Amino acid sequence: MTAVLKRLGGSVLVLWAAATAAYLALRLSPGDTVDTLVGDGPDTPQIRAAIIADLGLDKPAVVQYLTYLWRLLHGDLGRSYVLQRPVVDVIGGQVWPTVKLTLLASAFCVVIALGLAVLTAGRGRWLRGFVSGVELTVVSAPAFLIGILLLSLFSFRLGWFPVSGDRDAAALVLPALSLALPLGGLLSQVLREGLERALEEPFALTARARGLTSYAVVARHALRHALLPTVTLAGTLIGFMLSAAVVVERVFGRPGLGEVATEAVGNKDIPVVLAVVMLAAAVYVALSTLADLAYLLIDPRLRKEAAA
Amino acid sequence: MTVVLPRPSTVDLRVRATPGTVAAVLVLGLVAVAVVAPSLIAGDDPLAADPLHTLDPPDTAHWFGTDQLGRDVFTRVVHGARYSLSIGVAATALSVAVGGLLGLVAGLSPRPVDGLLSRAFDVLSAFPEVLLALLFIALTAPGAPSLVLAIALSFAPRYGRIVRAQTMVVRRSGYVEQARTFGLSGVRLAGRHILPNVLGPLPVLATIGLGSAVVNAAALSFLGMGPQPPSPEWGAMLSESRNYLRVAWWTAVLPGATLTVTVVALTAVGRRLQRRFEGRRA
């Protein structure tokens, strides 16, 4: 219990620090906030005063900071400089396409990792060597490049999938695959190493001696052991997936957070960029915390160590 | 009869030459030549347009075909290595230096300082790498220098953490304790005894990290955050050629394949060095 509370406390601390860093970035960003907001529009002292009062720029820094945190807690991410709309409205509609993409990619990723690892663990050298080579290649190839290759082959040459956009489920397949291949390859490497270690344990020999087939030993006995490190790794890989999603969305011309973020960087719309970055950080912290807690749940030995 | 030779006592970091490693080293050699002297491999001007031969498929005159302006894709890829690789190398060097230094300080400092630095690493690594880099570029300006800084910033925590952990191990080891009992000052102890042993794994990690740095540089350039067209930077080339994918796959696929082969070679060499290194320590 203490371990769980400690882990949760740590995560809250990281989130708070991330929010504070974001606040500092916003304040320290070059250019005067009022100038940015006035932009090319009408520029009168009244308008300037209204903006200053609206943003609370006349208040002491501490008050501004606390107000920022208070609003953040209530889901208020500020206003977009360029679009003159609340940031929540700007990114709100773009969250679901990205979530959809990463969820399907995660599912593909699990299937690829489990499939490759279970089929090749402890198998002949040639098959293993070949699969390892393929894994090394897809792990090293950037996801957006895999996306370009898939797009070129399956959309333009063969015409099996739509070229861009987000009209139907078919449009989701290639982007999700581009994200899943590198991560699936990486997870399968880790998983296979774990499986092979578990297969050398005495319990694997016992199970084999009881007459189980080698696949049954892998699936029923070794897999449980090998999954442990994979779960922790999966938590941290969420960060990679979010990074890659930003670029892959652009390759396939999909709506989503990547589109919003890239546009906003081009327009110097700092509040929008910050919101996307903070959202990603929050998702990452939440999921890696969950993965760590799952680890405590699966392996009782760690519970004692962490509490001590 | 077999003669059993005694194992050499000196540290042997030579790598066993498997066909894969040899190929990887050859690839990296070629890439290095392309970075230092691209004209040795492709003598033409990477910006020279030829309006009569636009989007020509690969043939003997143009190995990688030509792009929408009739520029030779092979020449552009060769000359682009300089941009892509030097951004990756500079970013990796910077993040290893800064991250490593902070990690060393964290590992040697009393608890409060260590805690603060470790939390800072945690906070920085909570931001997905590409997004953190995007934020940095939004606050500065697109282009190669901010790309280097942005990537260095997003990679620094990983080196910081590794160096911190390594420092913790080394400072508790017997020989450091002994040096301390001889009355060595803290700075001397850190510089002469701890640092050299902490640095050991860094070149290996940096080799593997360089691969990711090159990939991230290309990804950010693809988004338009790096060197601007007409620079033959690999990510920027991919971004331009995305629009011609329907009619000219080679303008995207061949530069992309070059990028992938380079990164695979870096990763393969890095991993082999790592295995070698861990074997030595075990």
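The values are calculated or read from the model by the stated rules, or taken from the named source; none is laboratory data. Worth saying up front: this structure is predicted, and the values here are computed from it rather than measured. Reconstructed Cβ throughout: ideal geometry from the backbone, glycine too, with neighbour counts over all protein chains shown. Please note that ligands, DNA and RNA were not included when accessible areas were found on the heavy atoms of the full protein model with its side chains. Shrake-Rupley method; radii C 1.70, N 1.55, O 1.52, S 1.80 Å.
For region A:277-299, the condition of being surrounded by 16 or more Cβ atoms within 10 Å (Cβ to Cβ), free of Cβ contacts under 8 Å to residues at least 24 places away in the same chain and more than 9 Å from every other protein chain (Cβ to nearest Cβ) holds for none of the residues.
Can you find a residue in region A:124-136 that is of a type in the set (S, T, N, Q), more than 18 Å from the chain's Cα centre (by Cα), closer than 21 Å to residue A:111 by Cβ and within 14 Å of another protein chain (Cβ to nearest Cβ)? Yes, some residue in region A:124-136 is of a type in the set (S, T, N, Q), more than 18 Å from the chain's Cα centre (by Cα), closer than 21 Å to residue A:111 by Cβ and within 14 Å of another protein chain (Cβ to nearest Cβ).
Which condition does residue B:234 not pass, out of (1) within 13 Å of chain A (Cβ to nearest Cβ); (2) among the aromatic types (Phe, Trp, Tyr); (3) open to solvent by 10 Å² or more (accessible area, probe 1.4 Å), if it passes all the others? Residue B:234 satisfies every listed condition except (3). Every listed requirement among (1) more than 30 Å from residue A:257 (Cβ to Cβ); (2) part of a helix (DSSP H, G or I); (3) of a type outside the set (Asp, Glu); (4) open to solvent by 20 Å² or more (accessible area, probe 1.4 Å) is met by residue B:47 save one, (2).
Of the set (1) of a type outside the set (Ser, Thr, Tyr); (2) open to solvent by less than 20 Å² (accessible area, probe 1.4 Å); (3) within 14 Å of chain A (Cβ to nearest Cβ), all apply to residue B:120 but (2). For beta carbons closer than 6 Å, sequence separation of 6+ or different chains, a first residue in region B:33-61 that is closer than 25 Å to residue B:85 by Cβ and a second that is among the β-branched types (Val, Ile, Thr) and assigned to a loop (DSSP other than H, G, I, E, B), the qualifying pairs are B:34/B:41. Tell me, yes or no, whether region B:250-270 has at least one residue that is more than 24 Å from residue A:152 (Cβ to Cβ) and away from every other protein chain (no Cβ under 11 Å). Checked against the condition, which is being more than 24 Å from residue A:152 (Cβ to Cβ) and away from every other protein chain (no Cβ under 11 Å), region B:250-270 yields at least one hit.
Being of a type outside the set (A, V, I, L, M), open to solvent by 50 Å² or more (accessible area, probe 1.4 Å), more than 14 Å from chain A (Cβ to nearest Cβ) and more than 21 Å from residue B:145 (Cα to Cα) narrows it down to one of B:66, B:54, so name that one.
So the residue among B:66, B:54 that is of a type outside the set (A, V, I, L, M), open to solvent by 50 Å² or more (accessible area, probe 1.4 Å), more than 14 Å from chain A (Cβ to nearest Cβ) and more than 21 Å from residue B:145 (Cα to Cα) is B:54.
Scanning region B:245-273 for residues that are at pLDDT below 80 and open to solvent by less than 60 Å² (accessible area, probe 1.4 Å), we see that the one that is nearest to residue A:253 (Cα to Cα) is B:245. Of everything listed in (1) buried (at least 19 other Cβ atoms within 10 Å of the Cβ); (2) among the hydrophobic types (A, V, I, L, M, F, W, C); (3) over 15 Å from the mean Cα position of the chain (by Cα), the single unmet condition for residue B:168 is (1). If the condition is being at pLDDT 75 or above and aliphatic (A, V, I, L, M), then region A:149-165 contributes A:149, A:150, A:151, A:153, A:158.
Across region A:61-78, not a single residue is classified as buried (at least 16 other Cβ atoms within 10 Å of the Cβ) and modelled with pLDDT under 75. The lone criterion from (1) out of contact with any helix residue (DSSP H, G or I) (no Cβ under 6 Å at 6 or more places or on another chain); (2) outside the structural domain of residue A:253 (by TED's automatic domain parsing) left unmet by residue A:82 is number (1). Pairs are defined by a Cβ separation below 9 Å, a sequence spacing of at least 6 or placement on different chains, a first member in region A:66-89 that is on the phi < 0 side of the Ramachandran plot, and a second member that is open to solvent by 90 Å² or more (accessible area, probe 1.4 Å) and part of a helix (DSSP H, G or I); the pairs so defined are A:69/A:16; A:76/A:70; A:77/A:71; A:79/A:54; A:82/A:263. In this structure, does residue A:180 turn out to be within 30 Å of residue A:152 (Cβ to Cβ) and touching a Pro at 6+ places or on another chain (Cβ under 7 Å)? No, not satisfied. Residues that are aliphatic (A, V, I, L, M), closer than 30 Å to residue B:108 by Cβ and open to solvent by 10 Å² or more (accessible area, probe 1.4 Å) within region B:198-231 comprise B:199, B:202, B:204, B:205, B:206, B:208, B:210, listed in sequence order.
In summary, helices (runs of 4 or more DSSP H) completely within region A:100-211 and bearing 1 or more residues that are basic (Lys, Arg) and surrounded by 18 or more Cβ atoms within 10 Å (Cβ to Cβ) occur at A:170-199. Here residue B:105 meets each of (1) within 14 Å of chain A (Cβ to nearest Cβ); (2) surrounded by 15 or more Cβ atoms within 10 Å (Cβ to Cβ) with one exception, condition (1). Quick check on region B:213-227. Is at least one of its residues hydroxyl-bearing (Ser, Thr, Tyr) and over 15 Å from residue A:247 (Cβ atoms)? No, region B:213-227 contains no residue that is hydroxyl-bearing (Ser, Thr, Tyr) and over 15 Å from residue A:247 (Cβ atoms). Looking only at residues of region B:129-139 that are facing chain A (nearest Cβ under 8 Å) and within 18 Å of residue B:235 (Cβ to Cβ), we find that the one that is farthest from the chain's Cα centre (by Cα) is B:138.
The rows are residues; the columns are (1) acidic (Asp, Glu); (2) open to solvent by less than 10 Å² (accessible area, probe 1.4 Å); (3) more than 7 Å from chain B (Cβ to nearest Cβ).
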| position | (1), (2), (3) |
| --- | --- |
| A:242 | no, no, no |
| A:249 | yes, yes, yes |
| A:252 | no, yes, yes |
| A:255 | no, no, yes |
| A:261 | no, yes, no |
| A:268 | no, no, no |
| A:273 | no, yes, no |
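The single residue among B:96, B:113 that is surrounded by fewer than 21 Cβ atoms within 10 Å (Cβ to Cβ), away from chain A (no Cβ under 12 Å) and part of a helix (DSSP H, G or I) turns out to be B:113. Look through region B:142-151, keep the residues that are surrounded by fewer than 24 Cβ atoms within 10 Å (Cβ to Cβ) and more than 9 Å from chain A (Cβ to nearest Cβ), and return whichever of them is farthest from residue B:108 (Cα to Cα). So, considering only residues that are surrounded by fewer than 24 Cβ atoms within 10 Å (Cβ to Cβ) and more than 9 Å from chain A (Cβ to nearest Cβ), the one farthest from residue B:108 (Cα to Cα) is B:143. Residues in region A:212-223 that are in a helix (DSSP H, G or I) and not basic (Lys, Arg): A:214, A:215, A:216, A:217, A:218, A:219, A:221, A:222, A:223.
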